[in-house]
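Colleague: Right, I'll just put the structure down here and ask away after.
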Amino acid sequence: MPADPALPDPVPPGPTAPVSTDYPVRLAVDGAEGPWEALVPGVAALVEQAVLAAVAAGDPSGYGLTPGTPLEISLLLTDDAAVQALNRDYRGQDKPTNVLSFAALDAEEPLPEDGEPVLLGDVALARETVAREAADLGVAPADHVFHLVVHGVLHLLGYDHEEEEEALDMEGLETAILGARGIADPYADARGPEQEGSDR
């Protein structure tokens with residue numbers, strides 16, 4: 001899923017003000033029509049806002065990228081079968097999952113020249129899994145999609161949740177991004193009441 005260097009047509013902002021970032025984002029979204037649009041009306045605008053929010057909060061300078069560096073991201077809105085195939089072929093897990101991220105940036109590799117676009121990577125969402133999870137959690141599908149896109153883009157920026165401390169940092173950043181949009185903390189139940197006041 002290589003990112004398309006052509007900028008998509010501008011889409012109107014979601015229910016909150018547009019997010020500004022020091023890094024221009026070239027976002028290619030595939031699959032936003034049909035079943036995805038039926039699940040989340042205006043999904044193309046929603047995912048663009050989620051990507052921009054994640055980039056603004058995720059601080060690409062951690063990779064040594066200077067402000068103004070164009071970032072390219074490809075986002076695939078697809079179904080369980082396609083995500084299961086990706087998960088099997090690239091992760092060795094033959095099952096669907098809600099979101100997959102494929103980071104293209106490696107801290108060990110040299111960066112392009114200043115001003116040259118940098119491919120951050122690809123994110124894919126599985127429609128049936130996303131819809132089922134939203135129903136199970138009792139949240140709006142749009143809010144769940146926003147969260148999963150933020151989660152996926154933060155992975156492209158080097159965030160992870162393999163270790164507990166990394167997970168806490170990533171969850172805290174996600175919670176702050178979602179809170180700025182009026183979306184409830186998705187990790188509150190898992191944390192438990194004794195940790196509600198923590199900075200996760």
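Colleague: Among the candidates Asp122, Asp106, which residue alone is buried (at least 17 other Cβ atoms within 10 Å of the Cβ) and among the acidic types (Asp, Glu)?
Modeller: Asp122
Colleague: Right, next: If a residue has to be polar (S, T, N, Q) and either surrounded by fewer than 16 Cβ atoms within 10 Å (Cβ to Cβ) or touching a Pro at 6+ places or on another chain (Cβ under 6 Å) (or both) to count, how many in region 153-188 make the cut? Spell out how you get there, then give the answer.
Modeller: Taking region 153-188 first, the residues polar (S, T, N, Q) are 175.
Still in the running and either surrounded by fewer than 16 Cβ atoms within 10 Å (Cβ to Cβ) or touching a Pro at 6+ places or on another chain (Cβ under 6 Å) (or both): none.
Number of matching residues: 0.
Residue-by-condition table, conditions (1) modelled with pLDDT under 90; (2) β-branched (Val, Ile, Thr); (3) out of contact with any Phe, Trp or Tyr (no Cβ under 9 Å at 6 or more places or on another chain); (4) not in a loop (DSSP other than H, G, I, E, B):
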site	(1), (2), (3), (4)
Val150	no, yes, yes, yes
Leu154	no, no, yes, yes
His161	yes, no, yes, no
Asp169	yes, no, no, yes
Ala176	no, no, yes, yes
Gly182	no, no, yes, no
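The values are calculated or read from the model by the stated rules, or taken from the named source; none is laboratory data. Only a predicted model underlies this, so the values are computations on that prediction, with no experimental measurement involved. So basically every Cβ, Gly included, is an ideal-geometry build from the backbone, and we count neighbours across all protein chains shown.
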